[in-house]
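Novice: Before I ask anything, let me first share the structure, which is written out below as structure tokens.
The values are calculated or read from the model by the stated rules, or taken from the named source; none is laboratory data. All values derive from a computational prediction rather than experimental measurement. Don't worry about glycine lacking a Cβ; one is built from the backbone with ideal geometry, like all the others, and counts go over all protein chains shown. These accessible areas exclude ligands, DNA and RNA; they are computed on the full protein's heavy atoms, side chains included. Shrake-Rupley method; radii C 1.70, N 1.55, O 1.52, S 1.80 Å.
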Amino acid sequence: MTQSYSAGIEKAVSAARETTPLVHCMTNTVVQNITANVLLAAGQAPAMVDHPGEAATFAQIASGVLLNTGTVAPHQVESMPLAAEAAVKAGVPWVLDPVAIGALEVRTALAHRLLELAPTAIRGNASEISALAGLGAGGRGVDATDSVEESLPAAASLAERTGAVVAVSGKRDLIVWDRDGETRALWLESGHDLMPRVIGTGCALGATMAGYVSIAPALESLFSDATFAPIDAKALAVLTAHAHFGAAGQLAGERAERLGSFAVAWIDALDELSGADIASRVNVTEASA
Amino acid sequence: MTQSYSAGIEKAVSAARETTPLVHCMTNTVVQNITANVLLAAGQAPAMVDHPGEAATFAQIASGVLLNTGTVAPHQVESMPLAAEAAVKAGVPWVLDPVAIGALEVRTALAHRLLELAPTAIRGNASEISALAGLGAGGRGVDATDSVEESLPAAASLAERTGAVVAVSGKRDLIVWDRDGETRALWLESGHDLMPRVIGTGCALGATMAGYVSIAPALESLFSDATFAPIDAKALAVLTAHAHFGAAGQLAGERAERLGSFAVAWIDALDELSGADIASRVNVTEASA
Amino acid sequence: MTQSYSAGIEKAVSAARETTPLVHCMTNTVVQNITANVLLAAGQAPAMVDHPGEAATFAQIASGVLLNTGTVAPHQVESMPLAAEAAVKAGVPWVLDPVAIGALEVRTALAHRLLELAPTAIRGNASEISALAGLGAGGRGVDATDSVEESLPAAASLAERTGAVVAVSGKRDLIVWDRDGETRALWLESGHDLMPRVIGTGCALGATMAGYVSIAPALESLFSDATFAPIDAKALAVLTAHAHFGAAGQLAGERAERLGSFAVAWIDALDELSGADIASRVNVTEASA
């Protein structure tokens, strides 16, 4: 991994822990608890406000916002667009996680509507990203049926259309963004095979991305240095969220073999790992887009 | 335990792990997280879709469906019957878990309505099963005030009326079904005293039953062999779900003495135990109905 | 700590474990699971019933009720006042936890409405208690921006107006009540720095308070003894809930250093500690009001 990615990851982890970004999560009820504990372990602060009469107010107060369609309830269909609009107006970055879109009509329509409201970053598995880009039919519920490798054109298309950093989760993670009309893409190798078998590791990643993206302005100073030319501040923030998760998964896998204790060890590791530890445990390579 | 039950449990555990059934859970928000993690540990895949505009679509895609009335929200009252109808139409098995019915009017009416929609299996504690059969007033919230032993007539009545396999959870579990107008019943001895003190062990059982019942067709070949005469494929699937849970509870109890670490060890054990391990840790006896 | 507080805490812990109070929690979806597991570990029984057609019925059946505004959904805005009214009518004590009130309009209006319905006890952080008393603007989402020390006038004002025992959570916990027009206040020193970084430790405290407050009548006999003059039965119940949590946090901190394993160890400790253990691990002092 080039020195610049390592230094960037270290800087981003420190910046997040020092400022404790407040992340407004409108997410699915299956993963609310683990999402909140993950944020706390990663050095961020969670809050979950879904009521249509409150969501916009809180989106303006928060450091970053996550909109996740995993168990979309009728009142969330109403409140998520309000939160996205308020966030954009207030300059608060927000992340779209279009869980299980494709075959399911309500969330698919909602995700496409949200896509028009200027997300700062987008994450999903390959099937979700393809469906969001209009290039696929979606997966089997929350499971991807497409490969991450095949999703690069869809991710690039979304990045170009929206200006968002687009992350595709899989065995390797793909991070794609647009710079002056040119697609940039990175592969991240990290993590552990048990991670997808703990519920919420993907959804909590979207929340943690929202916190990291909120500290992107603090990373801008890095980029006056020519060594950081390959990456932009928001893309570095998204990369760091993935690296933090993956490195913690790797450490957890060294300490626990089965799902229950792995999940506990993973929270411990998110809390324990320094930025330097994280950078040393992951591998970043540039993808040809 | 007769050789046939052991061999059947082994076969069912393998069949589920090989096919990873996708279980659509419309369940209570208290237990969604543990239910999802339990399914993943047991070799199944969870998805939770509650919106009235999506529930029927997803019920047709899933391998099996769970409808659990534990924290029934207004939009679930609307969507659960849609899911049951869609499941039946698509040949997808579904499980009814009538949590805390009896005194509480909305869920009691809902459960009785769902009962008319051909559930494949039903589970509950003795008070819930009695209330569902119209033979009792229900318990103290989620706690049973009736004994499992006394619930046999109620379970038999439900099995006869609906054709469902009916399971009653307790110190010993009772599994009841109807074969050609004759009530069959088994007792399962397994588990550990701490299990009822971990929230969601019962509710997650309903979800896991939905996955196991979905692989019942793969078990049918067993029944050409005369040694399997005492049990039917769906009943074997329900028995296996209970055995998987109970055996994991027993192993967890060997490793942890207190509730927090017991819950973690139980997830580990669900993931770790082979079908043969499970069969060796439980005891099945035929009940006189 | 004076002997009377120790003896009172021991008595309250035993009384709760002997009677297993049934606590009806209308709480936020982020913490429902940990709340239920905490109640079970503390010797109580959880049930969560939110539907407007059921909430009042169940509030009358329960031993105690918790109303927590953390993720208030539209149907809860309707059902919480119904539950409070039914509880009061049936003589069932209830606890108000006005999570994140202040800037958020729906929950702030709801909490003020609930405040008129005779809560038995109130808990929150300093910012929430100040906002509820009309003496502050609320905090940063769920985080307090005021100090516990500064919240004494707000807590005293609420206690006087409503007759409730008012508890303010922080580094030290403050417990305030009114006796014959005179403000009484105690400081509790207990707990561990990691506790606020495990989601739900505060919200679960409100639930556990509801169970403890329900056994206050069983503690009344203590107060014929002049040594108990400094405290009232409901205040002792509230103090005991806090002491139980804090002592368990202290023990967990001796066993685990990181958030994931700390959370597990804390549930273990809630289950494990006797009343005498709890009393020996906390420090109570009288505050000058």
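Novice: Taking θ = phi - 60°, what integer Hz values does the Karplus form 6.51 cos²θ - 1.76 cosθ + 1.60 yield along segment A:245-261, in sequence order, with x for Gly and Pro?
Specialist: With coefficients 6.51, -1.76 and 1.60, one gets 5, x, 4, 5, x, 4, 5, 4, x, 6, 10, 8, 9, 10, 4, x, 6 Hz.
Novice: On to the next question. Please compute P(r) over all alpha-carbon pairs of segment B:3-286, binned at 5 Å starting from zero, and give each bin as a whole-number percent.
Specialist: In order of increasing distance, the bins hold 1, 6, 14, 19, 21, 18, 13, 6, 1, 0 percent.
Novice: Rank C:257, C:54, C:78 by mean-square fluctuation in a GNM of chain C with C-alpha springs under 10 angstrom and give only the top-ranked residue.
Specialist: Ranking C:257, C:54, C:78 by mean-square fluctuation puts C:257 first.
Novice: Please give the charge dipole size of segment C:124-232, origin at the Cα centre, charges +1 on K and R Cβ atoms and -1 on D and E Cβ atoms. Round to the nearest 20 debye. Show your work: numbers first, answer last.
Specialist: On the way: 7 positive and 15 negative charges, 62 e Å.
Roughly 300 debye for segment C:124-232.
Novice: Straight-line reach only, C-alpha to C-alpha below 19 angstrom: list the aspartates and glutamates that residue A:11 could link to, leaving out same-chain residues fewer than 8 apart.
Specialist: A:220, A:225, A:232, A:271, A:272, A:277
Novice: Can you give the translational diffusion coefficient of segment B:120-223 in µm²/s, computed by Stokes-Einstein from the Kirkwood radius over Cα pairs at 37 °C and 0.692 mPa s?
Specialist: Values: Rh = 14.2 Å.
Taking Rh from Cα pairs, D becomes 231 µm²/s.
Novice: Whole-Å semi-axes of segment C:83-145's equivalent ellipsoid, largest first, each the root of 5 times a Cα gyration tensor eigenvalue? Please report the intermediate quantities before stating the final value.
Specialist: Details: eigenvalues 103, 23, 15 Å².
For segment C:83-145, the ellipsoid semi-axes come out as 23, 11, 9 Å.
Novice: To continue, here is another question. Name the residues of segment B:16-44 whose amide N is less than 14 Å from a point 7 angstrom out from the Cα of residue B:221 along the C-beta direction?
Specialist: B:16, B:18-19, by backbone N distance to the label point.
Novice: What list of ³J(HN,Hα) couplings, whole Hz, do you get for segment C:208-217 from phi and the Karplus terms 6.51, -1.76, 1.60, once you set θ to phi - 60° and write x for glycine and proline?
Specialist: 5, 4, 4, x, 5, 4, 5, 9, 4, x
Novice: On the full set of protein chains, 1.4 Å probe, figure out the accessible area of residue A:199 and give it in Å² to the nearest 10.
Specialist: Probe radius 1.4 Å; accessible area of residue A:199 about 30 Å².
Novice: In segment B:131-167, whose amide N lies under 17 Å from the spot 7 Å out along Cα-to-Cβ of residue B:187? List them in ranges.
Specialist: Only B:147-156, B:167 fall inside the zone, counting backbone N under 17 Å.
Novice: Taking the DSSP beta bridges in the protein assembly as shown as the whole, what percent of them are antiparallel, to the nearest 5? Don't skip to the answer; put the middle values down first.
Specialist: Numbers: 45 of 100 bridges.
Counting DSSP beta bridges with both partners in the protein assembly as shown, the antiparallel share is about 45 percent.
Novice: Restricting to DSSP H runs of at least four residues, report the calculated mean residue ellipticity at 222 nm for chain B, -39500 (n - 2.57) per run over all residues, nearest 500 deg cm²/dmol.
Specialist: On the way: 12 runs with 142 residues, N = 289.
That comes out to -15000 deg cm²/dmol.
Novice: Treating only the Cβ atoms of Lys and Arg (+1) and Asp and Glu (-1) as charged, compute the dipole magnitude of the protein assembly as shown about its Cα centre; round to the nearest 20 debye. Show your work: numbers first, answer last.
Specialist: On the way: 51 positive and 93 negative charges, 42 e Å.
Here the size comes out at about 200 debye.
Novice: Once the mean 1/r over all distinct Cα pairs of the protein assembly as shown is inverted, what Kirkwood radius in angstroms do you read off?
Specialist: Values: mean 1/r = 0.0365 Å⁻¹.
The Cα-based Kirkwood calculation yields 27.4 Å.
Novice: Between segment C:105-140 and segment A:178-203, what is the separation of their alpha carbon centroids in Å?
Specialist: Centre-to-centre distance over Cα atoms comes out at 41 Å.
Novice: To continue, here is another question. Considering amide H positions built from the backbone, and no H for Pro or chain starts, which residues 5 or more places from residue B:25, or on another chain, come under 5 Å of its amide H?
Specialist: For residue B:25, the qualifying residues are B:47, B:48, B:49, B:66.
Novice: Additional query: Pick out which of C:34, C:215, C:129 has the largest mean-square fluctuation in a Gaussian network model of chain C, springs linking Cα atoms closer than 10 Å.
Specialist: C:34
Novice: Which semi-axis lengths, in whole Å and largest first, follow from the square roots of five times the eigenvalues of the Cα gyration tensor of segment C:1-64?
Specialist: Working: eigenvalues 152, 37, 19 Å².
Calculated on Cα positions only, the semi-axes equal 28, 14, 10 Å.
Novice: If you average the C-alpha positions of segment C:1-62 and of segment B:68-91 separately, how far apart do those two centres end up, in angstrom?
Specialist: One Cα centre to the other: 30 Å.
Novice: Scan around residue B:69 for amide H atoms under 5 Å from its own, H built in the peptide plane at 1.01 Å from N, and keep only partners 5 or more places away or cross-chain.
Specialist: B:97, B:99
Novice: When the gyration tensor of segment C:40-88 is built from Cα positions, what are the square roots of 5 times its three eigenvalues, in whole Å, from largest to smallest? Before the final figure, lay out the partial values.
Specialist: Values: eigenvalues 68, 36, 15 Å².
Working through the eigenvalues yields semi-axes of 18, 13, 9 Å.
Novice: Name the residue farthest towards the positive end of the dipole of segment A:3-286 from the options A:185, A:202, A:168, assuming +1 on Cβ of Lys and Arg, -1 on Cβ of Asp and Glu, about the Cα centre.
Specialist: Positive-most Cα among the choices belongs to A:202.
Novice: Applying the Karplus parametrisation 6.51 cos²θ - 1.76 cosθ + 1.60 with θ = phi - 60° to the phi angles of segment B:176-181, what ³J(HN,Hα) value in whole Hz is obtained for each residue in order, glycine and proline being reported as x?
Specialist: Listing the rounded values in order: 10, 8, 10, 10, 6, x Hz.
Novice: Another question about this same structure. When the solvent-accessible surface of protein heavy atoms is calculated with a 1.4 angstrom probe, in what order do A:268, A:277 fall, highest first? Kindly include the intermediate steps, with their values, before the conclusion.
Specialist: On the way: A:268 20, A:277 60 Å².
Most to least solvent-accessible, the answer reads A:277, A:268.
Novice: Given the pairs A:171/B:234; B:89/B:234; B:171/B:234, which span a C-alpha to C-alpha distance of over 27 angstrom in this model? Write out the running numbers ahead of the final one.
Specialist: Values: A:171/B:234 36 Å; B:89/B:234 18 Å; B:171/B:234 22 Å.
Distance filter (> 27 Å) returns A:171/B:234.
Novice: Rounded to the nearest 20 debye, what is the charge dipole size of chain C about its Cα centre when +1 sits on each Lys and Arg Cβ and -1 on each Asp and Glu Cβ? Each step should come with its number before you reach the end.
Specialist: Details: 17 positive and 31 negative charges, 51 e Å.
Taking the Cα centre of chain C as origin, the dipole is about 240 debye.
Novice: While we're here: If you take the charge dipole of chain A about its Cα centre, with +1 on Lys and Arg Cβ and -1 on Asp and Glu Cβ, which of A:213, A:44, A:135 is farthest toward its positive end?
Specialist: A:44
Novice: Let me ask something else. Where in segment B:159-185 is the amide nitrogen less than 13 Å from a point lying 7 Å along the Cα-to-Cβ axis of residue B:147?
Specialist: B:171-172
Novice: Have a look at the DSSP beta bridges in segment B:3-286 and tell me what percent are antiparallel, nearest 5.
Specialist: Details: 15 of 33 bridges.
Percent antiparallel among DSSP bridges in segment B:3-286 is about 45.
Novice: Once the convex hull of the alpha carbons of segment A:1-131 is built, what does its volume come to per residue, in cubic angstrom? Could the numbers behind the result be given before it?
Specialist: Details: hull volume 15.4 nm³, N = 131.
Cα-based convex hull of segment A:1-131, divided per residue, equals 118 Å³.
Novice: Checking an interface number: how much accessible area is buried between A and B, summed over both chains, with a 1.4 Å probe, in Å² rounded to 100? Let's see the in-between values first.
Specialist: Working: alone 11420 and 11420 Å², together 20580 Å².
It comes to approximately 2300 Å² buried between A and B.
Novice: Averaged per residue, what accessible surface does segment A:3-286 expose to a 1.4 Å probe, in Å²?
Specialist: Value returned for segment A:3-286: 31 Å² of accessible area per residue.
Novice: Quick one: which residues, 5+ away or cross-chain, put their amide H under 5 Å from the amide H of residue A:178? H built at 1.01 Å from N.
Specialist: Sorted by chain and number, the residues that satisfy this are A:184.
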